[in-house]
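The values are calculated or read from the model by the stated rules, or taken from the named source; none is laboratory data. Note that the structure is predicted; figures quoted are calculated from it, not measured. All Cβ positions, even for glycine, are placed from backbone atoms using ideal geometry, and neighbour counts span all protein chains on display. We work out accessible area using only protein heavy atoms, side chains counted, and drop any ligands, DNA or RNA first. Shrake-Rupley method; radii C 1.70, N 1.55, O 1.52, S 1.80 Å.
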Amino acid sequence: MTLKKLLQASSLGLLVMSSTAFALESDRNQPIEIEADQGTLDQKNQSTTFSGNVIVKQGTLHIRAEKVTVTRDAASQQHMTADGKPVRFSQTLDDNKGTVNGQANKVEYSSATGLVKLTGNAKVIRGGDKAEGAVITYNTRTEIYTVNGNPAAPTKAGKRAVVVIQPSSTK
């Protein structure tokens, strides 16, 4: 695989990881810009790693992390891991539905399963709606979110998953 193809695959993994079902469609057609203190390509192992203040932009999609690694297996399935304290992302939604913002200590995406997993102080906010927990999982195929609390947390509030859903406005 050429450097260009591996970098494109890396970028695709990043984009799928953070895109929601309602993200701006036009973002997918925008150029991908990746900034980092360092980038490493391992062609033999089909792996690309960006480290040190990693910033990924594509249209309205913005991702910030300390380290991002994208690998591709023999079946061309991609796995992306972003690490940070925290990893932060945001993206504008279609139909003037605002912006989705999220963060976690670790964000993983697997093209084989279609799962996005936010681990460690995970939070996703869309308008006044909010989901917080130790782990938030989003299935990109079924569009189902799962929010899990942390039973090992020292306080009662820290042990529970928290979801806030604002009332829908009717006209």
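Taking all protein chains as they are arranged and a probe of 1.4 Å, the heavy atoms of SER168 leave approximately 100 Å² accessible to solvent. With every protein chain in place and a 1.4 angstrom probe, the accessible-area ranking of GLU35, GLU108, GLU66, largest first, reads GLU66, GLU35, GLU108. Protein-only accessible surface at a 1.4 angstrom probe places the residues LEU41, LEU61 in the order LEU41, LEU61, largest first. Of interest is the spacing of the C-alpha centroids, which for segment 42-82 and segment 104-129 amounts to 15 Å.
Other residues with beta-carbon under 13 Å from the beta-carbon of GLU108 carry, at +1 per Lys or Arg and -1 per Asp or Glu, a net charge of +2.
Spacing of the modelled spin labels on THR99 and SER47, each 7 Å from Cα toward Cβ, amounts to 3.4 nm. Rg/Rh, computed from the Cα trace of segment 31-171 with Rh as the Kirkwood radius, has the value 1.01.
In a fully extended conformation the segment linking GLU35 and LYS85 would gain 16.2 nm over its present Cα-Cα distance, using 0.36 nm per residue.
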